[in-house]
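These notes are about the structure you will find just below.
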Amino acid sequence: MSTHLTPKELRSMPREDLHREIKGKSLSVAKMRLDVAIGSQKDTAEYRREKREFARLLTIAREQELNSKPKKTTVSALARRSSKSEGGLAPTKS
């Protein structure tokens, strides 16, 4: 498991490596959470940094997931678009 990679480095990682990082960071955060709760971990700032790094990993994984899926346009979405362009809004009073 690496320490403090930049978002640019994380985005360039292969998906499998990113998921490995997520799994490792998840375990690390869980262990730190317990250590902070029982008082054996005094540096709560380190725990917060780990949580932020974990959130960053999850965010980048989600970005990659959304970017890899082709966007689907459904018939109902097309119908909504056409009704809006036809003046689907109620007239305003002057």
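Per-structure values
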| read-out | value |
| --- | --- |
| Boolean, Ala45 is of a type in the set (Gly, Ala, Ser) and at pLDDT 90 or above | yes |
| Residue match in segment 70-81 (condition: modelled with pLDDT of 90 or more and exposed (fewer than 12 other Cβ atoms within 10 Å of the Cβ)) | no |
| Helices (runs of 4 or more DSSP H) enclosed by segment 1-75 - at least 1 residues per element that are touching a Phe, Trp or Tyr at 6+ places or on another chain (Cβ under 9 Å) | 15-38 |
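The values are calculated or read from the model by the stated rules, or taken from the named source; none is laboratory data. What you see is a predicted model, and the numbers here were worked out from it, not measured in a lab. No Cβ is skipped: glycine too gets one built from the backbone with ideal geometry, and neighbour counts run over all protein chains shown.
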